[in-house]
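Peer 1: This structure is in structure tokens; I'll ask about it shortly.
The values are calculated or read from the model by the stated rules, or taken from the named source; none is laboratory data. This one's a predicted model, so the numbers in the text were calculated from it and none came from an experiment. Here the Cβ positions follow ideal geometry from the backbone for every residue, glycine too, while neighbour counts run over all protein chains shown.
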Amino acid sequence: MSHLRLAILLGMTVALGPLALDTYLPAFPDIALHFGVDSAAVGLTLSVYVAVLGAGQLLGGPLSDRYGRARVLFAGLAVFAVSCVMIARAETLSQVLAWRVVQGLGGAWCAVSVPAIVRDTVRGNESARLFSLIGLIMFAAPALAPAIGTLVLVVTDWQGIFLLLAAYALLVGVLLYLGLFRRVETRRIETPLHTLLTNYAVVLKHSVAMRFVLLQALVFSVMLVFITHASFIYQEWFGLSSAVFSALFAMNVAGMAMANLLNRRLLLTLPSTLILRAGVVVQAVAATLLALSAWFQPPVYVVAALIMVAVASMGAIIPNNMSNALEFFPRLGGTAAAVMGATQFMLAGVISAVSTRLADGTLVPIALIMGACSLGAAFTVFSAVSAMQRLSAASAATAD
């Protein structure tokens, strides 16, 4: 199967996550009015989904190793679709919250299956290039999701958004069956059930791989802290209109896509570890300059430019980091992906929550947290790559 076809199928699958997060954002006022609550209460449906989207991968990953990627992925799509329909039929906000938990579980099983399938299919730089292509396709989801939700609200009510998500999940399932799983046999391990837990010990004890896992969580935290405070930074602090804010936000997505395209080209001639280090350093420099400049109340174009560089670098960091982290687990790709996904969402969620508690109405605490995460990532990437090179050298010496 060509990388493009595989990337389209897997990109559509992993796009379920951002679609479920962003498509219904324009409907918050309508949902609040429907249930007689405020927008903050509706916001809980977002937090609940993100939390389960991370934690649910810890169950889905090992199951996909044991029972095969197809079974777990199709189960996740089915759970996701059913929960969407039940959300549309919910009579209270409590019911919406309950079904968002179920929806997050289905989304988690889909999300954790994608990197595992990539690990089963290709290795090394080819793996990083495939992750880049998947990411490039997936970037369209957060960029288009609010507009899709707005269009749905023009012709129907907020429930129609979740029915559309259910239909999308079913469409993805059909395309995956016809385009992937009828042609490609995915990995399955016939081991006792108790290894679903002991396999986690194998991953967690791998000190080199866990450095890449920590790196993923730190760089993702930089982006999540920005997303959490983006409206405050641009609309409240700088007083920009919603149209300008949306344009600046879209430029960050475009920047990630451009970095992703550049990454795919560089991978043809350079090792992924070199590009990974360069991407993390670029992010660290941008975030550190943002933290330093925040003390002097910089103009909006300085802040916007530094944020764009820090966020855009994710387009080169994430594909290479995922490839390197999963390289150590040819038989436990699902479990390793689960550890990475859960750690990423949980740690970034905690850091983002802390940033809201430390916010004092200025840019300073936000920029300092972004800078601290990026500097931690820079330290981690050099430690991880050095340890990986030592391990490779030792393995080569043993083979000789």
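Peer 1: Among the helices (runs of 4 or more DSSP H) contained in segment 70-161, which hold 3 or more residues that are surrounded by fewer than 20 Cβ atoms within 10 Å (Cβ to Cβ) and hydrophobic (A, V, I, L, M, F, W, C)? Talk me through it step by step, then tell me what you get.
Peer 2: On the way: elements: 93-121, 124-138, 140-155.
By residue number, 93-121, 140-155.
Peer 1: Can you name the residue in segment 304-329 that is more than 25 Å from SER127 (Cα to Cα) and crowded, with 22+ Cβ neighbours inside 10 Å and is also nearest to the chain's Cα centre (by Cα) among such residues?
Peer 2: Step one: list which residues in segment 304-329 are more than 25 Å from SER127 (Cα to Cα), which gives 304-308.
After this cut, where a residue has to be crowded, with 22+ Cβ neighbours inside 10 Å as well, the list is 306-307.
Working: LEU306: 21, ILE307: 18 Å.
Here the residue is ILE307.
Peer 1: Based on this model, can you work out whether GLY61 counts as within 13 Å of the chain's Cα centre (by Cα), assigned to a helix (DSSP H, G or I) and buried (at least 18 other Cβ atoms within 10 Å of the Cβ)? Spell out how you get there, then give the answer.
Peer 2: Details: within 13 Å of the chain's Cα centre (by Cα): no; assigned to a helix (DSSP H, G or I): yes; buried (at least 18 other Cβ atoms within 10 Å of the Cβ): yes.
Here the answer is no, as GLY61 does not meet what is asked.
Matching residues to (1) touching a Gly at 6+ places or on another chain (Cβ under 7 Å); (2) closer than 28 Å to VAL154 by Cα:
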| site | (1), (2) |
| --- | --- |
| LEU33 | no, yes |
| SER64 | yes, no |
| LEU77 | yes, yes |
| PHE80 | yes, yes |
| CYS84 | no, yes |
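Peer 1: Could you check segment 44-103 and list, in sequence order, the residues that are at positive phi and at pLDDT 85 or above? Give the steps one after another, and end with the answer.
Peer 2: Applying the first criterion (at positive phi) to segment 44-103 yields 68.
Listed by number, the list is empty, since nothing qualifies.
Peer 1: Next up: I'd like to know if segment 260-276 contains one or more residues that are in contact (Cβ under 8 Å) with a residue 12 or more places away in the chain, surrounded by fewer than 19 Cβ atoms within 10 Å (Cβ to Cβ), under 21 Å from VAL381 (Cβ atoms) and in contact with a helix residue (DSSP H, G or I) (Cβ under 9 Å, 6 or more places away or on another chain).
Peer 2: Yes, segment 260-276 contains a residue that is in contact (Cβ under 8 Å) with a residue 12 or more places away in the chain, surrounded by fewer than 19 Cβ atoms within 10 Å (Cβ to Cβ), under 21 Å from VAL381 (Cβ atoms) and in contact with a helix residue (DSSP H, G or I) (Cβ under 9 Å, 6 or more places away or on another chain).
Peer 1: If you scan segment 279-325, which residues turn out to be farther than 17 Å from ILE369 by Cα and not in a helix (DSSP H, G or I)?
Peer 2: Within segment 279-325, PRO298, PRO299, SER313 meet the criteria.
Peer 1: Yes or no: THR13 touching a helix residue (DSSP H, G or I) at 6+ places or on another chain (Cβ under 8 Å), part of a helix (DSSP H, G or I), within 19 Å of ALA169 (Cα to Cα) and not hydrophobic (A, V, I, L, M, F, W, C)? Full working, then the answer.
Peer 2: Values: touching a helix residue (DSSP H, G or I) at 6+ places or on another chain (Cβ under 8 Å): yes; part of a helix (DSSP H, G or I): yes; within 19 Å of ALA169 (Cα to Cα): yes; not hydrophobic (A, V, I, L, M, F, W, C): yes.
Taking the combined requirement at face value, the residue satisfies it.
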